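First the structure, in the form of structure tokens, and then the observations on it.
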Amino acid sequence: MPIERALKLLPERWADVVNTATKQSLEAALKAALLTFGDTPPVKSREFLHKLAVPAIGAAGGAAINLLFIDHFQDMAPGHFIVRKLERAYGAELVRAEYERL
């Protein structure tokens, strides 16, 4: 399955979150389908399963993208706040001038 291959490429700490999001989305889709169709799925059960998989795949993709953004911004945050602290202490113009000098 493509999702399983993609999960293997993710860092270990992300895989659990994506797996959890996928399972939760799939459970929600199944509950909604049972409410809609009762105990008997539509005649074309393969098509039915494909329709159920769409939200799960979307949830997994969304979770992966969210994790990428979270990881990126957590890596960038310390540098940002150091620059802000320097700007408060020495003024934004001086900090900008020193940055451009580098």
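For this structure, a couple of remarks:
- Annotation: Asp39 fulfils all but one of (1) modelled with pLDDT of 90 or more; (2) in a loop (DSSP other than H, G, I, E, B); (3) of a type in the set (D, E, K, R); the unmet one is (1).
To keep it simple, each residue is scored yes or no on (1) modelled with pLDDT of 70 or more; (2) part of a helix (DSSP H, G or I); (3) of a type in the set (A, V, I, L, M); (4) surrounded by 12 or more Cβ atoms within 10 Å (Cβ to Cβ).
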| site | (1), (2), (3), (4) |
| --- | --- |
| Leu7 | no, yes, yes, yes |
| Ala15 | no, yes, yes, yes |
| Leu67 | yes, yes, yes, yes |
| Met76 | yes, yes, yes, no |
| Gly79 | yes, yes, no, no |
| Glu100 | yes, yes, no, no |
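The values are calculated or read from the model by the stated rules, or taken from the named source; none is laboratory data. Only a predicted model underlies this, so the values are computations on that prediction, with no experimental measurement involved. No Cβ is skipped: glycine too gets one built from the backbone with ideal geometry, and neighbour counts run over all protein chains shown.
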